[in-house]
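Asker: Below you will find the structure I want to go over with you.
The values are calculated or read from the model by the stated rules, or taken from the named source; none is laboratory data. Quick caveat: nothing in here was measured; it's all calculated off a predicted structure. Backbone-built Cβ (ideal geometry, glycine too); neighbour counts: all protein chains shown. Just so you know, the surface numbers come from the protein's heavy atoms only, side chains and all, with ligands and any DNA or RNA stripped out. Shrake-Rupley method; radii C 1.70, N 1.55, O 1.52, S 1.80 Å.
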Amino acid sequence: NPNKLIVDTKQFEKDFGVKQEELKKSPETELAKYLKGSIRIRGPLTVSQYFREALTNEKFGYYTMKDDIFGTKGDFITAPEISQMFGEMIGIWARQAFNGQFKTKKKIKSAPSSFRIVELGPGRGTLMSDLLRSVRSTSGGIDEQISVHFVEASPKLRSLQARAMGCSDHVANLVGDPVTEESLLEQGYKSSFPSVSIHWHKELDRVPGTDPVFIIAQEFLDALPVNVFEYTKKGWREILVDIDEKQGNHHFRYLVADAPSVSSMALYKHPKIALPPSFVPKIGQRIEVSLDRALAV
């Protein structure tokens, strides 16, 4: 519910008998200071911009700065961290899918000597490590050249991924350095897996090549930012995040944009996110749409 992204002080007042104007603002974080500065210069943010900054801001973002995110010491555990069988099964699927492309009832086509595996949001590299072990153990003695492409924004996680892939300490330190140029991240590095090179990219559209490709996205799409829209008498308008200067405990507030935005116009015509004609919204109704997911899919 987009109304719950920022503290509902009305409910707080109902539960504890404290009026909103009597609440003091919570301590201001470095990220909050940064966002306020950005809003004062450029104007209110879309919810997706606010969302993205909170997750991947280079200095203050959750994924880029927090030390322990995954595993028993982190905030959540995903399937690859529970059992190696998860990644191994995906590896068996990839091997079967790759080999199956070149076999028909009448003849066996010549398989290419290389293919790509792209992982979006690869975490600590656990899934890819298990996947590659499975792919290599089912190769039938033929070690195709595999280029692994991690799409990852966090320098800390890039370093963990490099170590999980068996890259050298030099590579792990290089890709884990926030100031390393993107061209160096993308050039490719040797791993401990036979004939496997590792590459890093900040964006999916930076992944090169024409070889067959498998794209893995374990619990990735659900972590992408969303845009929020409200239906008004003038049509769909985007919900923005602005500074809350009023007395109260939160630093930001929602407001409804006065004019259409590029994103709100896309709800009418964009081939991937346009709303169906059968959907009849009511005044005041809000919806969430992830434009990032639409681009990824």
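Asker: Search the range 194-220 for residues that are closer than 25 Å to Pro178 by Cβ and free of Cβ contacts under 8 Å to residues at least 60 places away in the same chain and pair each with any residue that is among the polar types (S, T, N, Q) and assigned to a loop (DSSP other than H, G, I, E, B) when their beta-carbon atoms are under 6 Å apart and the residues are at least 6 apart or on different chains.
Answerer: Pairs found: Ile198/Ser191.
Asker: Is there a residue being more than 19 Å from Asp67 (Cα to Cα), hydrophobic (A, V, I, L, M, F, W, C), touching a strand residue (DSSP E or B) at 6+ places or on another chain (Cβ under 9 Å) and modelled with pLDDT under 95 anywhere in the range 126-140?
Answerer: yes
Asker: Within the range 151-158, does at least one residue satisfy the condition of being open to solvent by 60 Å² or more (accessible area, probe 1.4 Å), within 24 Å of Pro112 (Cα to Cα) and not hydroxyl-bearing (Ser, Thr, Tyr)?
Answerer: no
Asker: Pull up the range 105-125, narrow it to residues that are at pLDDT 90 or above, in a strand (DSSP E or B) and of a type outside the set (A, V, I, L, M, F, W, C), then point me to the one that is nearest to Ser159 (Cα to Cα).
Answerer: Within the range 105-125, the match that is nearest to Ser159 (Cα to Cα) is Glu119.
Asker: Tally time: how many residues in the range 38-58 are exposed (fewer than 11 other Cβ atoms within 10 Å of the Cβ) and not aliphatic (A, V, I, L, M)?
Answerer: The qualifying residues number 3.
Asker: Which one is modelled with the lowest pLDDT, of the residues in the range 179-225 that are more than 25 Å from Trp93 (Cβ to Cβ) and buried (at least 18 other Cβ atoms within 10 Å of the Cβ)?
Answerer: Among them, the one singled out is Pro225.
Asker: Which count do you get for residues in the range 161-178 that are modelled with pLDDT of 95 or more and surrounded by 15 or more Cβ atoms within 10 Å (Cβ to Cβ)?
Answerer: 11
Asker: Another question, if that's okay. Checking the condition among the small types (Gly, Ala, Ser), open to solvent by 60 Å² or more (accessible area, probe 1.4 Å) and at pLDDT 90 or above, which residue from Ser264, Ser278 passes?
Answerer: The conditions single out Ser278.
Asker: Next question. Determine whether Arg293 is modelled with pLDDT under 95 and surrounded by 13 or more Cβ atoms within 10 Å (Cβ to Cβ).
Answerer: yes
Asker: Right, something else. Find all pairs meeting these conditions: Cβ atoms under 6 angstrom apart; at least six residues apart or on different chains; first residue within the range 233-259 and more than 20 Å from Phe279 (Cβ to Cβ); second residue in a loop (DSSP other than H, G, I, E, B) and among the aromatic types (Phe, Trp, Tyr).
Answerer: Between residues of the range 233-259 that are more than 20 Å from Phe279 (Cβ to Cβ) and residues that are in a loop (DSSP other than H, G, I, E, B) and among the aromatic types (Phe, Trp, Tyr), there is no close pair.
Asker: Quick check on my filter: what residues within the range 267-286 are more than 20 Å from Tyr254 (Cβ to Cβ) and either touching a Pro at 6+ places or on another chain (Cβ under 8 Å) or of a type outside the set (Val, Ile, Thr) (or both)?
Answerer: Tyr268, Lys269, His270, Pro271, Lys272, Ala274, Leu275, Pro276, Pro277, Ser278, Phe279
Asker: Counting only residues that are open to solvent by 60 Å² or more (accessible area, probe 1.4 Å) and either at pLDDT 90 or above or of a type outside the set (Lys, Arg) (or both), which one in the range 240-258 is farthest from Ile41 (Cα to Cα)?
Answerer: Checking each candidate, the answer is Gln247.
Asker: If you don't mind, another one. Name every residue in the range 49-93 that is modelled with pLDDT of 90 or more, more than 30 Å from Asp242 (Cβ to Cβ) and in a loop (DSSP other than H, G, I, E, B), in order of residue number.
Answerer: Listed by number, the list holds a single entry, Ser83.
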